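First comes the structure, then the notes that go with it.
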Amino acid sequence: MSADQLEATLLEREDSLAILRNALADVELGSGRIALVAGEAGIGKTSLVRQFADEQADRVRVLWAACEALFTPRPLGPVHDIAHEVGGPLLELLSGGADRAMLLFALLDELRSALSLVVFEDVHWADEATLDAIAYLGRRLDTASCLLVVTYRDDELGPQHPVRLVVGELPSRLTVRVSLDPLSEEGVAELARKADRSPRGLHAATGEAATRSS
Ligand SMILES: Nc1ncnc2c1ncn2[C@@H]1O[C@H](COP(=O)(O)OP(=O)(O)O)[C@@H](O)[C@H]1O
Ligand SMILES: [Mg+2]
C-alpha cells in the first residue's frame, strides 16, 4: 500500500465525521455553525477535516485557510487566503487597503452567498486580528449558510491563552466540538497491518509520531 493510500484511510473517526455531517445538515436547515476540532499535533485534525471536505466537495463550496508558525504571523492571514479563493468584492477591498471592519463585513456577505465549508486551520498560530475575525463571524454565523471549522492544538494552550478565550465566548447554540483522541491499540495495529509491515509503509504511517518523539 502506498503512503498516499495510507493517508486516505481514516480509522476510528466515524463519530467525529458524524458530528461534522450533522453540523453541516443544520447549516442546510438555515443557520450557520462552528465546529471546533481540537487535539495535539499529529493526532489527525487535518486528515479528519480534509476527509470531510473531500466527501462534501461536490455540494458545498470549500474555502480552506490556514495559519502558520511564523515569527510574525500574517495579520488576518486566513481572510487573505479566502479572499484570493473567492475574488470579487472581498478581494477588491483587500487589495484597496480597506479597514478590518469592512473586510469582515464583506467576508460575512460572501458567506451568505453560497453554502460554504470554511476551514481555519491551526489557529493556535493565528494573529490577534484572525482571532477577532473568528469572534466576529461566530456571533453572526446564524445569518450565513456556512459551517466554519476551526482546528487548533489544545494541549499547549494555557487557560488564559487567547484562543481559549475566543472559543469560550462563541455562542454555544451554534458551536459543536470535536476533541480527537489517539487511535486505540487496535487502530494502531490496523495501521501496521495496512502498512503490510513493510519498513516503507510503517515509516509512512508513523513518520510524524517518530519525528515528534525524537
Ligand atoms: N484516523 C486516522 N487513521 C489513520 N491515520 C491517520 C488518522 N488520523 C491521522 N492519520 C495520519 O497521521 C498523520 C498526522 O495526521 P494529521 O491529520 O496531519 O494531524 P494534525 O493535523 O492533527 O497534526 C497523517 O500522516 C495521517 O495520515
Ligand atoms: Mg494539521
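The values are calculated or read from the model by the stated rules, or taken from the named source; none is laboratory data. For clarity, every value in this text was computed on a predicted model and none was experimentally measured. All Cβ positions, glycine included, derive from the backbone under ideal geometry; neighbour counts span all protein chains shown.
With the condition kept exactly as written, say whether any residue in the range 32-43 is within 16 Å of ligand 1 (Cβ to nearest atom), at pLDDT 95 or above and of a type in the set (Val, Ile, Thr). Within the range 32-43 (the criterion being within 16 Å of ligand 1 (Cβ to nearest atom), at pLDDT 95 or above and of a type in the set (Val, Ile, Thr)), the answer is yes, since at least one residue qualifies. Residues in the range 76-93 that are assigned to a helix (DSSP H, G or I), of a type in the set (A, V, I, L, M) and either touching an Asp or Glu at 6+ places or on another chain (Cβ under 8 Å) or modelled with pLDDT under 95 (or both): 82, 86, 90. Determine if the range 134-157 includes at least one residue that is over 20 Å from residue 50 (Cβ atoms), of a type in the set (Val, Ile, Thr) and at pLDDT below 95. Within the range 134-157, one or more residues are over 20 Å from residue 50 (Cβ atoms), of a type in the set (Val, Ile, Thr) and at pLDDT below 95. Just checking, does the range 162-175 include any residue being within 23 Å of the chain's Cα centre (by Cα), surrounded by fewer than 18 Cβ atoms within 10 Å (Cβ to Cβ) and at pLDDT below 95? For the range 162-175, residues within 23 Å of the chain's Cα centre (by Cα), surrounded by fewer than 18 Cβ atoms within 10 Å (Cβ to Cβ) and at pLDDT below 95: absent. Of the residues making up the range 14-51, just one is surrounded by 17 or more Cβ atoms within 10 Å (Cβ to Cβ) and without any contact (Cβ under 8 Å) to a residue 40 or more places away in the chain, namely 50. Note on the range 106-124: residues that are within 16 Å of ligand 2 (Cβ to nearest atom), within 13 Å of residue 81 (Cβ to Cβ) and either in a helix (DSSP H, G or I) or among the acidic types (Asp, Glu) (or both) amount to 3. If I filter the range 170-187 for residues that are assigned to a strand (DSSP E or B) and polar (S, T, N, Q), do I get at least one hit? Within the range 170-187, one or more residues are assigned to a strand (DSSP E or B) and polar (S, T, N, Q).
If we keep just the residues of the range 52-81 that are free of Cβ contacts under 8 Å to residues at least 40 places away in the same chain and more than 16 Å from ligand 1 (Cβ to nearest atom), which is surrounded by the most Cβ atoms within 10 Å (Cβ to Cβ)? In this case the residue turns out to be 81.
Selection over the range 165-178 of residues that are within 16 Å of residue 139 (Cα to Cα) and in contact with a Leu (Cβ under 6 Å, 6 or more places away or on another chain) gives a count of 3.
Report yes if residue 127 is away from ligand 2 (no atom under 16 Å from the Cβ), within 28 Å of residue 44 (Cβ to Cβ) and among the acidic types (Asp, Glu), otherwise no.
Answer is yes for this residue.
Consider the range 47-72 and keep the residues that are over 16 Å from residue 126 (Cβ atoms) and part of a loop (DSSP other than H, G, I, E, B). The one that is nearest to ligand 2 (Cβ to nearest atom) is 57. Any chance the range 52-75 includes a residue that's among the hydroxyl-bearing types (Ser, Thr, Tyr) and modelled with pLDDT of 95 or more? Looking through the range 52-75, none of the residues is among the hydroxyl-bearing types (Ser, Thr, Tyr) and modelled with pLDDT of 95 or more.
Within the range 126-145, identify whether any single residue is touching a Gly at 6+ places or on another chain (Cβ under 9 Å) and within 16 Å of ligand 1 (Cβ to nearest atom), and answer yes or no. Yes - at least one qualifying residue is present in the range 126-145.
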